[in-house]
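Note sheet for the following structure.
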Amino acid sequence: MESRTVDARGLACPQPVIETRKALRDADDLTVIVDNDVAQKNVSRMAEKLGHSVQTDLRGDGIYVHIRGEGAAPAEAPALVVGRADPAEGPLVLVVPSEYMGRGEHDELGHILVRAFFHTLGEVEPLPRTIVFFNSGAKLVAQGSPVLEDLEALAEQGIDILACGTCLEYYGLKDKLAVGEISNMYTIAETMLGAGRVVKL
């Protein structure tokens, strides 16, 4: 194995994660340079999930993520292939692609329904393992969301709440995340494809 440096500055999500994973196949001592906190967190989370240790160094020209481990990602697991969990045995994942529930003539009704859904969700079975918010659904995890208290209660029950970082940035909410964690399309794809069942709100 060898030491390598990956310059991921300027790359859109999820490219920093993808390039890092590819590099880890050939190096167990890797430095990834990114230019924003979201990329740093996504790269660090992925590396830690693979069993590597991670240290971060903030410099004037970027954020340096130093990744070290006993070995690279398994050779039989290609860099761009997500987990292959048997869908029949995987977890339940709920995806929320909109700030509204359903489609109709009035947005107000959609807001009423989505509030009622999340207020009820904590009282029913089975609970999802993960809830993924993307597109305008990402607004629901930000400050001022009408379902924030209900989502916080769900998070306290151990439900993972993932918000699309690109979506939060698009709506100007990157710094207003109030519950859950900022995620990326690599993790979202891995979560959805590894699920036993995906339910779309």
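Readers should treat all values here as calculations from the given coordinates under stated rules, not as data from a laboratory. Predicted model only: the values in this text are computed from it and were never measured. Reconstructed Cβ throughout: ideal geometry from the backbone, glycine too, with neighbour counts over all protein chains shown.
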Tally Lys/Arg at +1 and Asp/Glu at -1 over every other residue whose Cβ is under 13 Å from the Cβ of residue 179; what's the total? -4
Cβ-derived FRET efficiency at R0 35 Å, residue 157 paired with residue 64, nearest 0.05: 0.45
Taking Cβ-Cβ under 4.7 Å as the only way to count a partner, pick out the unpartnered cysteines of the chain. 13
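Past 25 Å, Cα to Cα: identify those pairs from 22/139; 41/176; 22/176; 49/139; 22/174, in the order given.
Working: 22/139 32 Å; 41/176 16 Å; 22/176 31 Å; 49/139 27 Å; 22/174 27 Å.
Violating the 25 Å Cα-Cα cut-off are 22/139; 22/176; 49/139; 22/174.
Tell me the net charge near residue 134. Cut-off is 15 Å between Cβ atoms, residue 134 excluded, with +1 for each Lys or Arg and -1 for each Asp or Glu.
Values: positive: 139, 174, 200; negative: 99, 160, 169, 181, 190.
So the environment of residue 134 carries a net charge of -2.
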Note down the net charge around residue 160, summing +1 for each Lys or Arg and -1 for each Asp or Glu among other residues with Cβ under 10 Å from its Cβ. 0
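Which order do the peptides 129-140, 98-109, 31-42 come out in when sorted by mean C-beta neighbours inside 10 angstrom, highest first?
On the way: 129-140: 22.7, 98-109: 13.0, 31-42: 21.2.
Result, highest mean Cβ count within 10 Å first: 129-140, 31-42, 98-109.
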Relative to the longest principal Cα axis of the chain, at what angle does helix 37-49 sit, 0 to 90 degrees, rounded to 10? 70 degrees
Placing +1 at every Lys and Arg Cβ and -1 at every Asp and Glu Cβ, with all other atoms neutral, what dipole size does the chain have around its Cα centre, in debye to the nearest 20? 340 debye
